[in-house]
């Protein structure tokens, strides 16, 4: 695949992606950009602050998707432990988060906290998984750095590079196996997992297994161009584009959204659908906001590029935006492609001529995302009505500033959800107020976007840090209030990103497909 995708000439996908890569922002160095903000709040010496930044970054990704955990320390410890793998993956890497990765000392310093405080069967298994992950990363790097002539052609890439193999690889290469096992072994998840944190339902339910892959896919989409730049082969979107052509990744963002909603609506009877979908929704928001993945920065660059790139990554025309979201369906199973990389997606036509029917159908998906328990019918009706009206606006409005003003409606949708949620304590009321503000910012900054590049980069970082602090503070709320509030937030925020018809994942996957 490496030779196929990055060969010098003779391949349309290579030429197209190279054109985008030429103007794309480079991934890496985000720890140094964050340090300026940490200097105001924490340490004064950059070298001492970098381990703190690394731990906090991983702690964020270990907190936002795991809304049922009520122990804020678990995220910090998980983030610390994950830093061990940075010593393997980032020392000398082109896209390292900091130039301090000339040695492994920074990573060891970041990991030391967890190493002294975690114990038990699950923690032991996680450490084993980290060692295996590190070995896989080293082996992959050695293969990628070997000359092409070392390959003797005895194994056909067509028989090896098939979806089931490619989708399993990032779980190890991206260190998701140890991460997932650790967090799902915590309180709040033990009823639906085995003693090593593996969800029982994923073994018997295809929709649960597929939605868990969103944990990786929501990363693969924004990483498609950055991975192309550094010649990183462990990316399912890159593999699909290389071996299946544009058709194989067109609609990827909408397929991820449908996988989440299929899990939420599955009635197979197995436990764990809600928890798996929550992780997908949390990562959906996390990957958009985290500075590591430069999603807003990529979209700003593509929107300011020449006509070919600008139009490829543009929003769908008004009046067509809900069609792809509402009319894309996944064929039964737990994978998105056949062995020949034909997409296992299908378009349905009954709703595509009726905007109201589309909006009502998608609004039902929004409502399912927002409630952790079964609310009364009046609460569902209120949320459904507000979401349907809002989605029609998203589909109809052409002017960018009018679209930006829909942030108030998204914030009000969150408040409508909260009306059916038990919120009594002063701390919970304050958290609701904060999350309501951040729903507005997610829409304005991450979905619609900031056009002034001179202020946008710093705004990306500030927004991420402020949202992360609010999310982590919410872990101190009573579980009966904090968990439903966090579910409401990721439900509405992920709906704005996934189901509005103009979300970043749709634009990034479909834009690349057009090349």
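Taking segment 245-272 as the range and being over 14 Å from residue 210 (Cβ atoms), in a loop (DSSP other than H, G, I, E, B) and out of contact with any strand residue (DSSP E or B) (no Cβ under 7 Å at 6 or more places or on another chain) as the test, the residues that pass are 245, 249, 250, 267, 269, 271.
Of all residues in segment 390-435, those satisfying the criterion of being over 27 Å from residue 484 (Cβ atoms) and surrounded by fewer than 14 Cβ atoms within 10 Å (Cβ to Cβ) are 398, 399, 400, 401, 402.
Among residues of segment 36-52 that are under 20 Å from residue 77 (Cβ atoms), those with a beta-carbon under 7 Å from a residue that is at pLDDT below 65 and surrounded by fewer than 16 Cβ atoms within 10 Å (Cβ to Cβ) at least six positions away or on a different chain give the pairs 49/42; 49/43; 52/42; 52/43.
Does residue 497 meet the test of being at pLDDT 95 or above and buried (at least 23 other Cβ atoms within 10 Å of the Cβ)? Answer is yes for this residue. When segment 468-490 is filtered for residues that are under 15 Å from residue 287 (Cα atoms) and at pLDDT 95 or above, only 490 remains.
Here is a check on your reading of the model: is residue 188 more than 16 Å from the chain's Cα centre (by Cα), modelled with pLDDT of 85 or more and surrounded by fewer than 20 Cβ atoms within 10 Å (Cβ to Cβ)? The answer is no for residue 188.
Filtering 55, 107 for residues that are within 30 Å of residue 478 (Cβ to Cβ), in contact with a helix residue (DSSP H, G or I) (Cβ under 6 Å, 6 or more places away or on another chain) and either buried (at least 23 other Cβ atoms within 10 Å of the Cβ) or at pLDDT below 70 (or both) leaves a single hit, 55. Residues in segment 230-244 that are in a helix (DSSP H, G or I) and over 20 Å from the mean Cα position of the chain (by Cα): 242, 243, 244. As a summary of the residue check, residue 508 satisfies the conditions (1) surrounded by 22 or more Cβ atoms within 10 Å (Cβ to Cβ); (2) closer than 25 Å to residue 35 by Cβ; (3) in contact with a helix residue (DSSP H, G or I) (Cβ under 7 Å, 6 or more places away or on another chain) except for the one numbered (2).
Here residue 334 clears all of (1) modelled with pLDDT of 90 or more; (2) on the phi < 0 side of the Ramachandran plot; (3) assigned to a loop (DSSP other than H, G, I, E, B); (4) buried (at least 17 other Cβ atoms within 10 Å of the Cβ) except the condition numbered (1).
Taking residue 470, is it in contact with a helix residue (DSSP H, G or I) (Cβ under 8 Å, 6 or more places away or on another chain), assigned to a helix (DSSP H, G or I) and under 30 Å from residue 28 (Cβ atoms)? Judged against the criteria, residue 470 is a match.
The values are calculated or read from the model by the stated rules, or taken from the named source; none is laboratory data. Small disclaimer: the values here were computed from a predicted structure and weren't measured. Here the Cβ is made from the backbone with ideal geometry for all residues, glycine too, and neighbour counts use every protein chain on show.
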